[in-house]
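Comments concern the structure below.
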Amino acid sequence: MIDMRLRCRLALAVVVSIGLNASACAAQLTAPDSIPGSVTPSEVLASPESFLNRQVNVYGRIDVEKYETALPCIPSTGAGCISPAFTSLHVVSAGEPRGATNALDLYRPTDGGEEPLRCTVIGEYKFDCGVFKEDAVAAVSGRVVKHRIPTQEVGNSSGSTQVIQYREIYVLIVQP
C-alpha cells in the first residue's frame with residue numbers, strides 16, 4: 001500500500017485536466033488552465049532566464065518520446081528485442097506538436113545532479129510512466145534549471161572519448 005503522504009504528493013504533482021477529487025489530501029485538484037500562475041512550456045522557453053531556479057506549474061500535454069534500438073534482437077539475452085528500448089518525457093504546449101520552442105524535458109534529481117525522467121518499458125510498445133500519462137493535459141510542478149548536454153565528442157583508437165562541445169538546455173526538475 002502506498003503511504004498517504006506519497007499518494008498526496010503524487011496527486012498534487014500532476015493535475016489532469018478533467019479534475020479529480022483528492023479530499024484525503026485536503027485539496028481539490030482543478031483543471032490546469034484555472035490554476036493561478038501556471039505557465040506554458042512556450043512561455044518558459046521564450047524567457048528561460050526569468051524562470052531559472054524557480055518552482056513553477058507548467059501546463060501542457062505529456063509527451064512520451066520513444067527511442068528504438070539499432071541493435072538486432074538476441075533472443076537468448078533479450079537484448080534489442082523490446083521496442084521501444086527506452087523513453088523520455090516532456091511537457092508540450094497543449095494543442096501543438098513537440099518542438100524546440102514549446103517543449104520542456106522532464107528530469108528528476110539525482111545524487112550527482114539530474115537525469116532525464118524515463119518510463120519503465122514493460123513490453124512491446126508498453127510502458128509505465130507512473131503518474132505521467134501519455135497525451136494527458138496536465139499542470140506539472142517543478143523547478144526550471146539549465147542543463148548541459150554533450151553535442152560533440154572525439155575519440156581515439158583505444159576507445160576513450162572526450163566531450164569537446166556542450167549545449168545548454170532548460171529542463172523541468174520534477175519529483176516523480
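The values are calculated or read from the model by the stated rules, or taken from the named source; none is laboratory data. Quick caveat, the model's predicted, so the values are computed rather than measured. FYI the Cβ positions are ideal-geometry reconstructions off the backbone, even for glycines, and counts take in every protein chain you see. Accessible surface is based on the protein model in full, side chains and every heavy atom, while ligands, DNA and RNA are left aside. Shrake-Rupley method; radii C 1.70, N 1.55, O 1.52, S 1.80 Å.
In order along segment 37-52, phi translates into HN-Hα couplings of x, 6, 10, 8, x, 4, 5, 4, 6, 6, 8, x, 5, 6, 9, 4 Hz, rounded to whole numbers, per the Karplus curve 6.51 cos²θ - 1.76 cosθ + 1.60 with θ = phi - 60° and x for Gly and Pro.
Rounded, prolate or oblate, given the Cα gyration tensor of segment 79-159, with a/c below 1.5 counting as rounded?
Working: a/c = 1.79, a/b = 1.24, b/c = 1.44.
The shape class here is oblate.
The amide H of F127, built 1.01 Å from its N in the peptide plane, has I122 as neighbours under 5 Å, considering only residues 5 or more places off or on other chains. Does segment 111-154 come out rounded, prolate or oblate by the C-alpha gyration tensor, with a ≥ b ≥ c the root eigenvalues, rounded set by a/c under 1.5 and, if not, prolate when a/b is larger than b/c and oblate if not? Oblate is the answer for segment 111-154, as a/c is 1.5 or above yet b/c matches or exceeds a/b. Each residue of segment 61-76 was assigned a 3J(HN,Hα) from its phi angle through the Karplus curve 6.51 cos²θ - 1.76 cosθ + 1.60 (θ = phi - 60°); the sequence is 8, 6, 10, 9, 8, 9, 10, 8, 9, 8, 6, x, 6, 10, x, 5 Hz, with glycine and proline shown as x.
Using the Karplus relation 6.51 cos²θ - 1.76 cosθ + 1.60 with θ = phi - 60°, the per-residue 3J(HN,Hα) values for segment 122-135 come to 10, x, 4, 6, 10, 8, 10, 10, x, 6, 8, 9, 4, 6 Hz, with x marking Gly and Pro.
Suppose accessible area is computed on protein heavy atoms with a 1.4 Å probe; arrange S158, S50, S141 from highest to lowest. Mind showing how you got there, number by number?
On the way: S158 95, S50 60, S141 35 Å².
Putting S158, S50, S141 in descending order of accessible area: S158, S50, S141.
Using the Cα atoms of segment 122-176 to build a convex hull, what is its mean projected area in square nanometres?
Numbers: hull surface 27.0 nm².
Answer in nm², one decimal: 6.8.
By the rule of a C-alpha distance below 13 Å, with chain neighbours fewer than 8 residues away ignored, the aspartates and glutamates paired with K133 are D63, E65.
Counting Lys +1, Arg +1, Asp -1, Glu -1, what net charge surrounds R98 among other residues with beta carbon under 15 Å of its beta carbon? My count for the surroundings of R98 gives -4.
Between amide H atoms placed 1.01 Å from N, distances below 5 Å from V39 occur with N57, V58, Y59, all of them 5 or more places distant or on a separate chain.
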